[in-house]
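Some notes on the structure that comes next.
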Amino acid sequence: MFGRKSHSHNAVRPYAEGLCSLLEVPEGQIFKIAEIRGGQGLHRRLLALGFHPGDLITLDNEAIMNGPVLVRNLTTGTRIALGRGIAQKIMVEAAGSDEQ
Amino acid sequence: MNNKSPVIVFIGQPNCGKSTLFNSIAGYKAQTSNFPGTTVTHVHSEVLWKGKVYSIVDLPGTYSLAPHEPQEKVVLTHIFKEKPDLIVNVIDASLLSRSLELTLELLELEYPMVVVLNMMDLARKKGITINVEELEKKLGVPVVKTVASRGLGTDVLMETIENALRCQTRSIAPCYSREVEKRIKELMDILPEDFPIVANKRFTAIKAIEGETLAADKFISEHDLAFKQELDRLRQEISALRDAPAYEVISAERHHLALKIFEDCCRVARPKVSAIDKLDNLIMDPVLGYFFLLVIFAGMFYLIFKVGSPLETWLLKPWESIRLSIESHFGRSLLAELLVGLVQGIGGGIAIVFPYFIPLLFLMGFLEDVGYLARASFLLDAFMHRLGLHGKSVPMFILGFGCNVPAIMATRILESRRDRIVTALLIPFIPCAARTTIILALVAFLLGPWWALGFYFFNIFLIAILALILKRWFKYDSPGLILEIPSLKVPSLKSIWQKIYFNLKEFVRFAWPILIAGSVLLSFLSYLQFDRLINTILSPLVSGLLGLPQSLGVTLIFGFLRKELSLLMMFQALGVGYGQLMTVITKTQLLTFVAFVSFFIPCLSTLSIIWKELGKKVTMMSVALNLSVAVIVSWLIRLVSSLF
Ligand SMILES: Nc1nc2c(ncn2[C@@H]2O[C@H](COP(=O)(O)OP(=O)(O)OP(=O)(O)O)[C@@H](O)[C@H]2O)c(=O)[nH]1
Ligand SMILES: [Mg+2]
């Protein structure tokens, strides 16, 4: 449903309907955080940084050479850089048109 | 601590301007920069306001009261062990809704509290209008607006603090949704008698549900199994409310409450895309960004040299003539020797160190305040991973160009000890201001700027190689990067000037006296011909291995104190003025000397900070690593130059 990008090095896992990881969404479009996977430590850290399920986010930028991605949280107005391994654990879904 | 003066702690999320606010009240004492995680330790100051003394503490920033990074834990110690009389919660008003999450957590402590909306200028630029009265009503504590970088609102803040201390009104914990509240109450009621209460029962219950550390859970289950079972049941019930772990549910409660308060108290106009945003996109661009990175650092180097070298030439002249006139007046008496030492020490500080030190401080301050450090971390993260580190180490390396000591302190923001050690082992190889001075004053000034630039790049290349070697040694398990990118800010000249002034003061107070004393001491030693003894002992290394004039041996001993000392001593040891240096040593010898002095051992202050932060073993490793690198590199320089 969203233009998927191919990332050969991380095989695409089967996700629940309509979910995909932050690494697979195109830059500049608005998505909603559905779920944060990964260990408790990471989970808590992202929550503390103000990234909660339900927030609208957009992918601003990706560094070259498998570098980090730059994520903007539109709900709280913050921006963070996330390593790919971490970005991969943030699941997003399409944002409803009213939310956009 | 003084019992009479009330203790006030500044708490807030990283980069909200706590230290800037602290400085504008207490005078420049805390480091500031536009990077989350600048402050890594508490800074304390007594402040006199209207005849009363207040004891104010600036703390590291923390995103929540569940700390992850070592420096964030300092905040908890201050809240719970040292029981402040008042919490000043500083908020970046341009990030109000996110910042309120910590505020709500702090309100749960039910301590007397004041909220500061800092960075009001940025909030206004972002089109955010905040209704302060409404916010005060919602939070139940006084709210003050400030622009710390321009010192606006500090008087009102001090008045509000005084008032709050007098009234001793405690903050009221925020109310969550009914289902969650019900469980919190339930847990409060069954807290065992001997349960360690922090702050108050409600706070304790909430933290127990959030289960901050599994260690605490283990403690609870060992002590009171029945209670642990109840706790688990309540956690599960809360968890079922939103189909998420209990800690996420509580966190989401705060998140939504914060968003609600934000919506009720603020109006947001649709912001325009400003020139600053466009610039930001350019310097973060995945391709152009690297180009700017190179231009910025090469440009910095070039500028420092362009400003420094004519200044150096101009400033050196009077000192040279004073030196010559002393020698012609007094001949080679003890007095003359000592006077020459004194003149070299004082003059060296003014004429050789200042011309490069000040421009370097200025440009570093500029980069820090604009917010470039975090952006460089983003751009270089991928490279750093190849080297076995991650982007979060980049700011420390950049700080290292100023001085290695704060750079090593800053490694506290790295979560893993392995990363801290590797970064701290690499930082001493970064050419700090002192070594940059040597490189510019000797290599660039005498051999030409391209040589110096080459040396600089070689130095950076060397660090990359060392990182690769260290990566083999220390198993690499770097966690991914998580770093907030602060907004680009227009740096205030006042803040940059304060930083320069602060560093200069340190230099004049500590380093310069050492330079002068060292210089005089060397004169004295050479008058007694004692330096010959040291030179003879070091001769196998200095002339044998490095191929340098034997008389340079003694300068190495001094170089351990301050790297600039070796440079100043060099002239004295060789007995020539600045202009005639190249008549007594060759290009190769000069390069070998600079390389060896740069690397042979971290200076005394760097070593002591490594010791303090990471212990004896790491310090020993650092010395061994530096020494071997210095020998190998100097030897390589000899080898290469003998081929041509
Ligand atoms: N425009 C503007 N900039 C500010 C204001 N207050 C602080 N700054 C800038 O914001 C940056 C961060 O300030 P700091 O005082 O270092 O922030 P901090 O909260 O101590 O940060 P940590 O120690 O990392 O937690 C600096 O570059 C300041 O110059 C303000 O009111 N307006
Ligand atoms: Mg600070």
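Structure notes:
- Residues of segment B:260-284 satisfying the condition of being of a type outside the set (Gly, Ala, Ser), surrounded by 12 or more Cβ atoms within 10 Å (Cβ to Cβ) and assigned to a loop (DSSP other than H, G, I, E, B): B:PRO271, B:MET284
Matching residues to (1) within 13 Å of chain A (Cβ to nearest Cβ); (2) among the charged types (D, E, K, R); (3) outside any helix (DSSP H, G or I):
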{"position": "B:GLU248", "(1), (2), (3)": "yes, yes, no"}
{"position": "B:ARG254", "(1), (2), (3)": "yes, yes, no"}
{"position": "B:PRO286", "(1), (2), (3)": "yes, no, yes"}
{"position": "B:VAL295", "(1), (2), (3)": "no, no, no"}
{"position": "B:MET300", "(1), (2), (3)": "no, no, no"}
{"position": "B:GLY308", "(1), (2), (3)": "no, no, no"}
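- Among the conditions (1) open to solvent by 20 Å² or more (accessible area, probe 1.4 Å); (2) of a type outside the set (S, T, N, Q); (3) more than 27 Å from A:HIS43 (Cα to Cα); (4) in contact with a helix residue (DSSP H, G or I) (Cβ under 8 Å, 6 or more places away or on another chain), the only one that B:TRP473 does not satisfy is (4).
- Unique match (being buried (at least 22 other Cβ atoms within 10 Å of the Cβ), free of Cβ contacts under 8 Å to residues at least 60 places away in the same chain and either assigned to a loop (DSSP other than H, G, I, E, B) or not β-branched (Val, Ile, Thr) (or both)) among B:LEU380, B:LEU440, B:LEU399: B:LEU399
- Whichever residue in segment B:310-323 is among the charged types (D, E, K, R) and open to solvent by less than 70 Å² (accessible area, probe 1.4 Å) and, among such residues, is nearest to the other protein chains (Cβ to nearest Cβ): B:GLU312
- With respect to the conditions (1) without any contact (Cβ under 8 Å) to a residue 40 or more places away in the chain; (2) in contact with a helix residue (DSSP H, G or I) (Cβ under 8 Å, 6 or more places away or on another chain), B:LYS278 lacks only one, and its number is (2).
- Residues of segment B:32-57 classified as more than 7 Å from ligand 1 (Cβ to nearest atom) and within 18 Å of the chain's Cα centre (by Cα), total: 6
- Close contacts from segment B:31-46, counting a first residue that is free of Cβ contacts under 8 Å to residues at least 40 places away in the same chain and a second that is more than 10 Å from ligand 2 (Cβ to nearest atom), with Cβ to Cβ under 6 Å and a gap of 6+ residues or different chains, come to B:HIS42/B:VAL57; B:HIS42/B:VAL74; B:VAL43/B:LYS29; B:HIS44/B:VAL57; B:SER45/B:ALA26; B:SER45/B:LYS29; B:SER45/B:ILE56.
- Just one of the listed residues (B:LEU152, B:LEU157) is closer than 22 Å to B:ALA30 by Cα and open to solvent by 40 Å² or more (accessible area, probe 1.4 Å), namely B:LEU152.
- Extreme residue, farthest from B:PHE510 (Cα to Cα), among residues of segment B:589-644 that are open to solvent by 30 Å² or more (accessible area, probe 1.4 Å) and among the hydroxyl-bearing types (Ser, Thr, Tyr): B:SER642
- Which listed residue, of A:ALA94, A:ALA81, is within 10 Å of chain B (Cβ to nearest Cβ) and of a type in the set (A, V, I, L, M): A:ALA81
- For B:MET582, the requirement of being surrounded by fewer than 20 Cβ atoms within 10 Å (Cβ to Cβ), modelled with pLDDT under 85 and in contact with a helix residue (DSSP H, G or I) (Cβ under 9 Å, 6 or more places away or on another chain) is met.
- Number of the condition not met by B:THR20 [criteria: (1) more than 12 Å from ligand 1 (Cβ to nearest atom); (2) among the hydroxyl-bearing types (Ser, Thr, Tyr); (3) surrounded by 21 or more Cβ atoms within 10 Å (Cβ to Cβ)]: (1)
- Selection from segment B:3-22 of residues that are more than 13 Å from ligand 2 (Cβ to nearest atom) and either within 13 Å of B:ASP58 (Cβ to Cβ) or within 14 Å of chain A (Cβ to nearest Cβ) (or both): B:VAL7, B:ILE8
- Matching entry among B:ILE413, B:ILE427, B:ILE496 (being at pLDDT below 90 and open to solvent by less than 10 Å² (accessible area, probe 1.4 Å)): B:ILE413
- Selection status of B:PHE445, open to solvent by less than 20 Å² (accessible area, probe 1.4 Å), assigned by TED's automatic domain parsing to the domain that holds B:LYS587 and not small (Gly, Ala, Ser): no
- Lone qualifier among B:PHE383, B:PHE429 - being more than 16 Å from ligand 1 (Cβ to nearest atom), more than 18 Å from B:ILE485 (Cβ to Cβ) and either within 14 Å of chain A (Cβ to nearest Cβ) or aromatic (Phe, Trp, Tyr) (or both): B:PHE429
- For B:SER487, the stated conditions hold: it is within 16 Å of ligand 1 (Cβ to nearest atom) and either surrounded by 21 or more Cβ atoms within 10 Å (Cβ to Cβ) or within 21 Å of the chain's Cα centre (by Cα) (or both).
- First in segment B:16-27 and under 11 Å from B:ASN118 (Cβ atoms) and among the hydrophobic types (A, V, I, L, M, F, W, C), second anywhere and more than 6 Å from ligand 1 (Cβ to nearest atom) and open to solvent by 10 Å² or more (accessible area, probe 1.4 Å), Cβ under 6 Å, 6 or more apart: B:CYS16/B:ASP92
The values are calculated or read from the model by the stated rules, or taken from the named source; none is laboratory data. The shown structure was predicted, so the numbers you read here are calculated from the model rather than taken from an experiment. Note that we place each Cβ from the backbone using ideal geometry, even for glycine, and neighbour counts take in every protein chain shown. All accessible areas refer to the heavy atoms of the entire protein, side chains included, with ligands and DNA or RNA removed. Shrake-Rupley method; radii C 1.70, N 1.55, O 1.52, S 1.80 Å.
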